[in-house]
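Everything below concerns the one structure shown next.
The values are calculated or read from the model by the stated rules, or taken from the named source; none is laboratory data. The structure displayed is predicted, hence computed values, not measured ones. Cβ sites come from the backbone with ideal geometry, for glycine too, and all protein chains shown count toward neighbours.
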Amino acid sequence: MGAPGRAALEARLGELRAELDIGACVVNGENAADGVGITPRLADRLLAVGADAVTLGNHAFRRTEIGDYLQASDRVIRPANTSSTTPGRGLAVVPTSNGGWLAVVNVLGSLFLHPAISMFEVIDELVATARAETPLVLVDVHAEATSEKIALARWLDGRVTAVVGTHTHVQTSDAHVLPGGTAFITDAGMTGPHDSVIGVESDLAIRRMRTGMPVRFATAQGGVRIEGAVIECDAESGLASSISPLRVPFP
Ligand SMILES: [Fe+2]
């Protein structure tokens, strides 16, 4: 989320990868550019500081210059269930540090986010395409509703390594491995300023809600944390053995 989140990743992601022995790292970057959207420069920056792939969400195209970049990128993806004319792709396959490959899928839930088609219409084919490449498959389900994220995870249980929710900016306390071996957390949380209303200066968010009038939002600064989830899995089967929420104060 914005400059505070980027600063935390730039300072700490490399060492966190080493400390936790991370084989591949996926960052949701849809709020990288001052809270909404991402620019080509910031996407390159996230990849340079330790992300192997970057996923996006409902704000994917808030910066118009990102379209051509996504069309050319094989590591920065937008939700797959957009219209057929949308630039870019919803699946990336990236190398892991131990010689394997991780497929990353990004889909958008329906509540409040209005994707062109339901994620359930595209997910089976996406997962089949991913699994033809590698048994390691991570799905970033970018959605508002907890129910949609849980339903998708249970639908995919045993077919993918992990289903990780994003978008609400609030880390949930339900990280667990489902019966079929798919790791799941409803929301991985926010890397950014938590003394805020989901990353926005509290006064501004409250003023907009209290008055109903337009208020220009600004990214908050305080209480920065790196949040996410660490998943352990078997390289052969692709199934997960554990998932732990990550919550690291910064600095
Ligand atoms: Fe979002």
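Would you mind stating whether Ala32 is away from the ligand (no atom under 16 Å from the Cβ) and of a type in the set (Gly, Ala, Ser)? In short, no. Annotation note: Cβ proximity below 6 Å between a residue of segment 116-145 that is of a type in the set (Asp, Glu) and a residue that is more than 16 Å from the ligand (Cβ to nearest atom) (sequence gap 6+ or interchain) occurs for Glu133/Val93; Glu133/Ala103. Of the candidates Ala53, Ala3, the single residue that is hydrophobic (A, V, I, L, M, F, W, C) and closer than 24 Å to Pro249 by Cβ is Ala3. Restricting to segment 195-227, count the residues that are in contact with a Gly (Cβ under 8 Å, 6 or more places away or on another chain) and farther than 22 Å from Leu56 by Cβ. So the count comes out to 1.
For segment 40-62, the candidate set comprises residues that are within 14 Å of the ligand (Cβ to nearest atom) and not hydrophobic (A, V, I, L, M, F, W, C); within that set, the residue that is nearest to Arg89 (Cα to Cα) is Thr55. Report yes if Thr186 is of a type in the set (S, T, N, Q), at pLDDT 95 or above and farther than 19 Å from Gly5 by Cα, otherwise no. In short, yes. Taking strands (runs of 3 or more DSSP E) that do not extend beyond segment 82-155, which have at least 1 residues that are within 16 Å of the ligand (Cβ to nearest atom) and within 15 Å of the chain's Cα centre (by Cα)? By residue number, 101-108, 136-142.
The residues of segment 11-35 that are farther than 19 Å from Ala188 by Cβ and either β-branched (Val, Ile, Thr) or under 17 Å from the mean Cα position of the chain (by Cα) (or both), listed by number, are Ala33, Asp34. When we screen Pro95, Pro87, Pro79 for residues that are in contact with a His (Cβ under 7 Å, 6 or more places away or on another chain) and modelled with pLDDT of 95 or more, the only hit is Pro79. Can you spot a residue in segment 100-107 that is closer than 23 Å to Pro193 by Cβ, buried (at least 16 other Cβ atoms within 10 Å of the Cβ) and of a type in the set (A, V, I, L, M, F, W, C)? Among the residues of segment 100-107, not one is closer than 23 Å to Pro193 by Cβ, buried (at least 16 other Cβ atoms within 10 Å of the Cβ) and of a type in the set (A, V, I, L, M, F, W, C), which makes the answer no. Within segment 156-190, can you find the residues that are of a type in the set (Asp, Glu), away from the ligand (no atom under 16 Å from the Cβ) and farther than 13 Å from Ser242 by Cα? The one that is of a type in the set (Asp, Glu), away from the ligand (no atom under 16 Å from the Cβ) and farther than 13 Å from Ser242 by Cα: Asp157. Taken over segment 64-76, the criterion of being at pLDDT 95 or above and of a type in the set (Val, Ile, Thr) is satisfied by Ile66, Val76.
The rows are residues; the columns are (1) in contact (Cβ under 8 Å) with a residue 60 or more places away in the chain; (2) farther than 18 Å from Val163 by Cα; (3) buried (at least 20 other Cβ atoms within 10 Å of the Cβ).
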site: Ser196; (1), (2), (3): no, yes, yes
site: Met213; (1), (2), (3): no, yes, no
site: Arg216; (1), (2), (3): no, yes, no
site: Ala220; (1), (2), (3): yes, yes, yes
site: Gly223; (1), (2), (3): no, yes, no
site: Glu227; (1), (2), (3): no, no, yes
site: Val230; (1), (2), (3): yes, no, no
site: Ile243; (1), (2), (3): yes, no, yes
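Is it the case, given these coordinates, that Thr134 is touching a strand residue (DSSP E or B) at 6+ places or on another chain (Cβ under 9 Å), among the hydroxyl-bearing types (Ser, Thr, Tyr), modelled with pLDDT of 95 or more and farther than 24 Å from Thr64 by Cβ? For Thr134, the condition - touching a strand residue (DSSP E or B) at 6+ places or on another chain (Cβ under 9 Å), among the hydroxyl-bearing types (Ser, Thr, Tyr), modelled with pLDDT of 95 or more and farther than 24 Å from Thr64 by Cβ - is met. Which ones in segment 159-176 are assigned to a strand (DSSP E or B) and buried (at least 20 other Cβ atoms within 10 Å of the Cβ)? Of everything in segment 159-176, those that are assigned to a strand (DSSP E or B) and buried (at least 20 other Cβ atoms within 10 Å of the Cβ) turn out to be Val160, Ala162, Val163, Val164, Gly165, Thr166.
Tell me, yes or no, whether segment 67-75 has at least one residue that is in a strand (DSSP E or B), within 17 Å of the chain's Cα centre (by Cα) and closer than 24 Å to Gly189 by Cα. No, there is no match, as no residue in segment 67-75 is in a strand (DSSP E or B), within 17 Å of the chain's Cα centre (by Cα) and closer than 24 Å to Gly189 by Cα.
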